[in-house]
Amino acid sequence: MKQHFQNLVDEEEANIDMTPMLDVVFIMLIFFIVTASFVKEAGIDVNRPDAPTAVSKDRASILVAISDKGEIWINKRRVDVRAVQANIERLYAENPQGTVVIQADKKATTDVLIKVMDASRAAGVMDVSIAANNE
(Lines give C-alpha, C1' and ligand atoms only; values in the text may rest on other atoms or scores of the structure.)
Protein backbone atom coordinates (compact mmCIF):
# COMPACT_ATOMS: atom_id res chain seq x y z
CA MET A 1 0.00 0.00 0.00
CA LYS A 2 2.80 2.37 0.91
CA GLN A 3 4.54 1.63 -2.40
CA HIS A 4 1.31 2.37 -4.33
CA PHE A 5 0.91 5.70 -2.49
CA GLN A 6 4.52 6.63 -3.28
CA ASN A 7 3.91 5.99 -7.01
CA LEU A 8 0.88 8.31 -6.96
CA VAL A 9 2.92 11.08 -5.32
CA ASP A 10 5.67 10.67 -7.94
CA GLU A 11 3.12 10.91 -10.77
CA GLU A 12 1.68 14.14 -9.35
CA GLU A 13 5.12 15.71 -9.08
CA ALA A 14 6.02 14.66 -12.64
CA ASN A 15 3.17 16.62 -14.29
CA ILE A 16 4.16 19.70 -16.25
CA ASP A 17 1.97 22.77 -16.05
CA MET A 18 1.28 23.89 -19.64
CA THR A 19 -0.76 26.97 -18.71
CA PRO A 20 2.07 29.54 -18.87
CA MET A 21 3.22 28.27 -22.26
CA LEU A 22 -0.33 28.44 -23.65
CA ASP A 23 -0.70 31.97 -22.29
CA VAL A 24 2.46 33.05 -24.10
CA VAL A 25 1.34 31.39 -27.35
CA PHE A 26 -2.07 33.09 -27.23
CA ILE A 27 -0.52 36.48 -26.46
CA MET A 28 1.84 36.09 -29.43
CA LEU A 29 -1.06 35.05 -31.66
CA ILE A 30 -3.06 38.12 -30.65
CA PHE A 31 -0.02 40.35 -31.21
CA PHE A 32 0.57 39.05 -34.72
CA ILE A 33 -3.11 39.30 -35.66
CA VAL A 34 -3.34 42.89 -34.45
CA THR A 35 -0.15 44.03 -36.15
CA ALA A 36 -0.69 42.16 -39.42
CA SER A 37 -1.47 44.15 -42.52
CA PHE A 38 -3.86 42.24 -44.70
CA VAL A 39 -3.76 42.86 -48.44
CA LYS A 40 -7.17 43.14 -49.98
CA GLU A 41 -7.59 42.26 -53.59
CA ALA A 42 -9.87 44.08 -55.96
CA GLY A 43 -11.36 40.89 -57.35
CA ILE A 44 -10.31 40.72 -61.00
CA ASP A 45 -7.08 40.80 -62.97
CA VAL A 46 -6.72 43.77 -65.25
CA ASN A 47 -4.32 44.45 -68.09
CA ARG A 48 -2.64 47.57 -66.69
CA PRO A 49 -0.91 50.05 -68.95
CA ASP A 50 2.87 50.32 -68.99
CA ALA A 51 4.61 53.34 -67.47
CA PRO A 52 8.39 53.60 -67.19
CA THR A 53 8.10 56.13 -64.35
CA ALA A 54 5.75 54.01 -62.22
CA VAL A 55 6.76 53.76 -58.57
CA SER A 56 5.72 51.32 -55.85
CA LYS A 57 3.08 52.56 -53.41
CA ASP A 58 3.22 51.58 -49.73
CA ARG A 59 0.10 51.09 -47.61
CA ALA A 60 -2.20 50.60 -50.57
CA SER A 61 -5.06 49.08 -48.66
CA ILE A 62 -8.03 50.05 -50.82
CA LEU A 63 -7.83 48.49 -54.26
CA VAL A 64 -10.42 49.31 -56.90
CA ALA A 65 -10.33 47.48 -60.23
CA ILE A 66 -11.95 48.68 -63.44
CA SER A 67 -12.35 46.04 -66.15
CA ASP A 68 -12.18 46.63 -69.89
CA LYS A 69 -15.99 46.59 -69.93
CA GLY A 70 -16.25 49.35 -67.31
CA GLU A 71 -17.14 47.05 -64.41
CA ILE A 72 -15.93 48.22 -60.99
CA TRP A 73 -14.69 45.65 -58.48
CA ILE A 74 -13.90 46.22 -54.78
CA ASN A 75 -13.09 43.36 -52.36
CA LYS A 76 -13.89 40.68 -54.95
CA ARG A 77 -17.38 42.10 -55.47
CA ARG A 78 -18.77 43.92 -58.46
CA VAL A 79 -19.90 47.37 -57.34
CA ASP A 80 -22.15 49.88 -59.04
CA VAL A 81 -20.57 53.25 -59.72
CA ARG A 82 -23.06 54.90 -57.33
CA ALA A 83 -21.92 52.63 -54.45
CA VAL A 84 -18.18 53.23 -54.88
CA GLN A 85 -18.08 56.16 -52.46
CA ALA A 86 -19.86 54.24 -49.69
CA ASN A 87 -17.56 51.24 -50.11
CA ILE A 88 -14.44 53.37 -50.01
CA GLU A 89 -15.72 55.26 -46.94
CA ARG A 90 -16.22 51.95 -45.13
CA LEU A 91 -12.76 50.62 -46.08
CA TYR A 92 -11.11 53.95 -45.22
CA ALA A 93 -12.79 53.90 -41.79
CA GLU A 94 -11.22 50.48 -41.18
CA ASN A 95 -7.74 51.74 -42.16
CA PRO A 96 -7.39 55.56 -42.08
CA GLN A 97 -3.71 55.39 -43.09
CA GLY A 98 -4.52 53.52 -46.29
CA THR A 99 -4.57 54.86 -49.80
CA VAL A 100 -6.73 54.12 -52.83
CA VAL A 101 -5.11 52.44 -55.82
CA ILE A 102 -7.20 52.18 -58.95
CA GLN A 103 -6.26 49.28 -61.20
CA ALA A 104 -7.77 50.30 -64.52
CA ASP A 105 -7.55 48.11 -67.59
CA LYS A 106 -5.90 49.56 -70.70
CA LYS A 107 -9.23 49.49 -72.49
CA ALA A 108 -11.28 51.01 -69.64
CA THR A 109 -12.83 54.37 -70.42
CA THR A 110 -11.60 57.48 -68.69
CA ASP A 111 -15.21 58.29 -67.80
CA VAL A 112 -15.38 55.38 -65.33
CA LEU A 113 -11.88 56.13 -64.06
CA ILE A 114 -12.76 59.76 -63.30
CA LYS A 115 -15.99 58.71 -61.56
CA VAL A 116 -14.05 56.33 -59.30
CA MET A 117 -11.44 59.00 -58.56
CA ASP A 118 -14.16 61.54 -57.70
CA ALA A 119 -15.93 59.01 -55.48
CA SER A 120 -12.64 58.30 -53.68
CA ARG A 121 -12.01 61.98 -53.01
CA ALA A 122 -15.64 62.50 -51.97
CA ALA A 123 -15.14 59.65 -49.47
CA GLY A 124 -12.32 61.66 -47.90
CA VAL A 125 -9.32 59.86 -49.41
CA MET A 126 -7.10 62.41 -51.10
CA ASP A 127 -4.24 59.98 -51.83
CA VAL A 128 -5.53 58.27 -54.98
CA SER A 129 -3.16 56.49 -57.40
CA ILE A 130 -3.54 54.66 -60.68
CA ALA A 131 -1.73 51.33 -61.03
CA ALA A 132 0.61 50.72 -63.94
CA ASN A 133 3.24 48.19 -64.93
CA ASN A 134 6.82 49.34 -64.49
CA GLU A 135 8.75 48.47 -67.64
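The values are calculated or read from the model by the stated rules, or taken from the named source; none is laboratory data. Model, not experiment: these values are computed from the prediction. Using ideal geometry, Cβ is built from the backbone for each residue, glycine included, and neighbour counts are taken over all protein chains shown. Note: areas computed on protein heavy atoms with side chains; ligands, DNA, RNA excluded. Shrake-Rupley method; radii C 1.70, N 1.55, O 1.52, S 1.80 Å.
Here the extension length gained between residue 118 and residue 24 equals 29.1 nm, from 0.36 nm per residue of separation less the Cα-Cα distance. You can think of it this way: the chain between residue 68 and residue 86 has 4.2 nm of extra reach, that is 0.36 nm per residue less the Cα-Cα gap. Between residue 15 and residue 97, the contour length at 0.36 nm per residue exceeds the alpha carbon distance by 24.6 nm.
Counting only the Cα atoms, region 70-110 fills a convex hull of 80 Å³ per residue. Here the Karplus curve 6.51 cos²θ - 1.76 cosθ + 1.60, taken at θ = phi - 60°, turns the phi angles of region 78-92 into couplings of 6, 10, 6, 4, 6, 9, 5, 4, 5, 5, 5, 4, 5, 5, 6 Hz, with x standing for Gly and Pro.
Legend: calculated FRET efficiency, residue 75 to residue 31, from the Cβ-Cβ distance at R0 = 25 Å, rounded to 0.05, equals 0.45.
For residue 35, the accessible area of its heavy atoms, probed at 1.4 Å with every protein chain present, is near 80 square angstrom. Ordered from highest to lowest accessible area with the whole protein assembly present and a 1.4 Å probe, 18, 117, 126 read as 126, 18, 117. If R0 is taken as 25 Å, the Cβ-Cβ distance between residue 111 and residue 134 corresponds to a FRET efficiency of 0.45.
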